[in-house]
Amino acid sequence: MSGGCLIELRRVSRWYGNVVAVNDITMTIGPGITGLLGPNGAGKTTLLNLMAGFLEPSRGELTVAGAPSWRNPRSFEVLGLVPERDSVYAFLTGADFVASTARLHRLPDPGAAAQRAIEIVDMAATQDRRIATYSKGMRQRIKVAAALVHDPQVLLLDEPFNGMDPRQRLEMMDLLERMAGQGRTILFSSHILEEVERMSGTIQVIVGGRLAASGDFRAIRRLMTSRPHVFLVRTSADRALGAALIGRPAVTGVELTQRGLSVRTSDFGAFSRELAGLCRDGGIRLHELLPSDESLESVFSYLVTT
Amino acid sequence: MLNPVVLRITLRATLGRKRALVFLLVPLVLLLITVTLKLVAASPVWPAEFLGVFGFSVVLPLTALIIGTSVLGAEIDDGSIVHLLATPVSRTAVVLSKFAAAVALTIMFGALPEFVAAGIARGFGGKLALGLLAGALVASVAYNALFVMLSVLTTRAIAVGLLYLLVWEGLLGNLVGGVRVLSIGQYSVSVANSIAKASALNAHLTLTTAIVMGLAVTVATLAVAARRLSAFSVKGEAV
């Protein structure tokens with residue numbers, strides 16, 4: 001199947017009226033795990049909907065396993081989709097929902113396929129409850145089971161970690177990694193970089209509808225930790241602490257402001273260790289320590305300009 | 001072309017909830033009034049008058065409107081349609097299965113009560129009961145085809161459907177003769193009249209015209225619905 005399960009985009013754009021949601025994107029996504037990252041409104045969902053055939057490209061060519069997905073329901077023979085929206089047939093039990101999906105795919109043994117998919121997402125214990133009673137994380141997992149039931153070669157997941165607690169998130173990542181290890185093409189979107197910190201694989205960063213960066217997870221992660229951080233520090237003796245801080249190699253700038261000390265550091269880890277020591281040695285009381293540039297946009301824009 | 005899974009889920013979605021009780025309300029009113037009229041009405045033609053007017057311009061079209069716009073429209077509105085469309089099932093099969101479910105439900109909550117009411121009024125083997133049943137079946141089929149199409153075309157299917165019923169069929173149908181050829185209400189009462197032969201039904205079309213036009217409208221609207229669903233687009237975040 002290698003080469004048969006590629007997602008290929010060639011100069012794909014999609015606009016709504018004069019709003020451009022996806023702007024001239026060319027990418028090929030192959031077997032393994034790929035993260036589609038970007039701030040909210042960057043065009044990730046639009047891109048996934050284009051891939052799933054739920055939107056027509058305004059321009060460009062898009063194929064999944066060699067065939068265009070627009071107006072082609074048969075692409076779902078190799079494709080599975082986990083939509084972001086939480087709306088499912090809440091009146092069905094989890095087992096019913098997955099088995100119905102198996103029947104819609106005309107699988108030879110829908111019951112067995114459903115059980116297999118339910119076990120993969122670890123929902124066997126709660127499969128006989130109605131979906132209406134499920135938590136957000138359980139709904140997410142039953143949606144993944146339904147998308148997996150026909151054993152697709154390509155799986156698209158829109159914000160699969162949304163609303164999950166850290167343990168569920170780890171389990172979902174393990175699941176995706178395992179499926180990727182079996183040679184499947186897994187593409188998921190996320191707007192929270194930290195969510196995917198543990199992942200291996202490649203990422204595609206989308207900002208403002210454009211492909212801003214793509215590459216290896218580890219490289220991006222290094223960029224993230226070594227990027228300059230700015231903190232706001234309020235203490236009982238700002239000026240004394242500022243003088244001590246500027247002598248440290250990890251600190252690249254200190255400014256006295258009305259609200260406290262604004263400290264710029266190039267090494268987040270060293271700075272956080274040293275700050276405590278400096279305060280203790282100088283008898284300075286630390287009132288507040290706030291990261292002042294942690295907004296997603298600043299993280300993404302840093303990645304884009306690097 | 002029907003998909004049994006889609007059919008089953010749709011019937012369950014509609015009947016499995018408390019709101020299905022609402023569907024019982026209208027037929028119940030119809031039967032209550034029929035029984036009351038049977039006891040007190042003086043006019044000998046009251047069954048055709050009452051069941052023709054109330055049944056064919058209120059009960060059947062409204063039942064079909066509520067059911068026909070929701071079998072597919074509700075899922076499109078809340079986004080759960082994506083789970084159905086993220087499978088290789090053909091869009092035509094989706095539309096036909098949804099339509100079939102709507103027709104079955106409308107027969108259950110509209111056409112059969114109409115038949116029972118006519119049976120109470122004039123006897124179940126009588127011409128009136130059979131005629132009204134035939135007409136009601138035509139209404140169940142043609143109205144639902146139209147309303148299923150509206151639910152794919154617009155998120156305001158109920159409003160548009162009401163406008164069609166009130167303005168096109170109700171007002172223009174009575175004022176302008178030509179409109180009758182394009183009125184599902186007229187197809188149904190004309191079919192009913194071909195058996196029941198009751199002038200109170202206010203039918204103006206021949207049986208042939210009613211059947212041919214009814215079929216044409218059904219096929220055309222379902223074809224449009226299937227075509228539009230094939231190009232179903234999820235609303236993007238940029239909208």
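The values are calculated or read from the model by the stated rules, or taken from the named source; none is laboratory data. Predicted, not measured: the structure shown is a model, and the values here were computed from it. Cβ coordinates were reconstructed from backbone atoms using ideal geometry, including for glycine residues, and neighbour counts include every protein chain displayed. Side chains are part of the model used for accessible areas, which takes the heavy atoms of the whole protein and leaves out ligands, DNA and RNA. Shrake-Rupley method; radii C 1.70, N 1.55, O 1.52, S 1.80 Å.
Side notes on the structure shown:
- Residues in region A:194-210 that are open to solvent by 50 Å² or more (accessible area, probe 1.4 Å) and either at pLDDT below 75 or not in a strand (DSSP E or B) (or both): A:Glu194, A:Glu197, A:Arg198, A:Ser200, A:Gly208.
- Some residue of region A:118-136 being of a type outside the set (Lys, Arg) and surrounded by 24 or more Cβ atoms within 10 Å (Cβ to Cβ): yes
- Considering the conditions (1) buried (at least 20 other Cβ atoms within 10 Å of the Cβ); (2) part of a helix (DSSP H, G or I); (3) within 9 Å of another protein chain (Cβ to nearest Cβ), A:Phe54 is excluded by exactly one of them, (2).
- Checking B:Phe99 against (1) away from chain A (no Cβ under 14 Å); (2) surrounded by fewer than 24 Cβ atoms within 10 Å (Cβ to Cβ), the condition it does not meet: (2)
- Residues of region A:69-103 that turn out to be outside any loop (DSSP other than H, G, I, E, B), within 7 Å of chain B (Cβ to nearest Cβ) and farther than 13 Å from B:Ile81 by Cα, as a count: 6
Rundown of residues vs (1) among the β-branched types (Val, Ile, Thr); (2) more than 27 Å from A:Arg198 (Cα to Cα), yes/no style:
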{"position": "A:Arg10", "(1), (2)": "no, yes"}
{"position": "A:Gly17", "(1), (2)": "no, yes"}
{"position": "A:Val22", "(1), (2)": "yes, yes"}
{"position": "A:Gly30", "(1), (2)": "no, no"}
{"position": "A:Lys44", "(1), (2)": "no, no"}
{"position": "A:Leu48", "(1), (2)": "no, no"}
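- Complete set of residues in region A:1-18 that are modelled with pLDDT of 90 or more and among the aliphatic types (A, V, I, L, M): A:Leu6, A:Ile7, A:Leu9, A:Val12
- Verdict on B:Val181 being at pLDDT 95 or above, more than 14 Å from chain A (Cβ to nearest Cβ), over 17 Å from B:Leu60 (Cα atoms) and open to solvent by 10 Å² or more (accessible area, probe 1.4 Å): no
- Taken over region A:28-43, residues that are more than 8 Å from chain B (Cβ to nearest Cβ) and either buried (at least 24 other Cβ atoms within 10 Å of the Cβ) or in contact with a helix residue (DSSP H, G or I) (Cβ under 9 Å, 6 or more places away or on another chain) (or both) amount to 11.
- On the stretch given as region B:90-139, residues that are touching a Lys or Arg at 6+ places or on another chain (Cβ under 7 Å) and over 18 Å from B:Val59 (Cβ atoms) total 1.
- Residue satisfying all of: in region B:16-53; within 14 Å of chain A (Cβ to nearest Cβ) and more than 17 Å from the chain's Cα centre (by Cα); most open to solvent (accessible area, probe 1.4 Å) among these: B:Lys18
Residues are listed down the side, and each one gets a yes or a no for (1) free of Cβ contacts under 8 Å to residues at least 40 places away in the same chain; (2) assigned to a helix (DSSP H, G or I); (3) buried (at least 24 other Cβ atoms within 10 Å of the Cβ):
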position	(1), (2), (3)
B:Ala118	no, yes, yes
B:Gly135	no, yes, yes
B:Ala145	no, yes, yes
B:Thr155	no, no, no
B:Trp168	yes, yes, no
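- Considering region A:133-164, and only residues there that are within 11 Å of another protein chain (Cβ to nearest Cβ) and in a helix (DSSP H, G or I), the residue that is farthest from A:Phe54 (Cα to Cα) turns out to be A:Ile142.
- When the residues of region A:4-18 are filtered to those that are assigned to a strand (DSSP E or B) and either within 14 Å of another protein chain (Cβ to nearest Cβ) or open to solvent by less than 10 Å² (accessible area, probe 1.4 Å) (or both), the one that is farthest from A:Met51 (Cα to Cα) is A:Tyr16.
- Taken over region A:227-286, the criterion of being surrounded by 12 or more Cβ atoms within 10 Å (Cβ to Cβ), part of a strand (DSSP E or B) and hydroxyl-bearing (Ser, Thr, Tyr) is satisfied by A:Thr235, A:Thr252, A:Ser262, A:Thr265.
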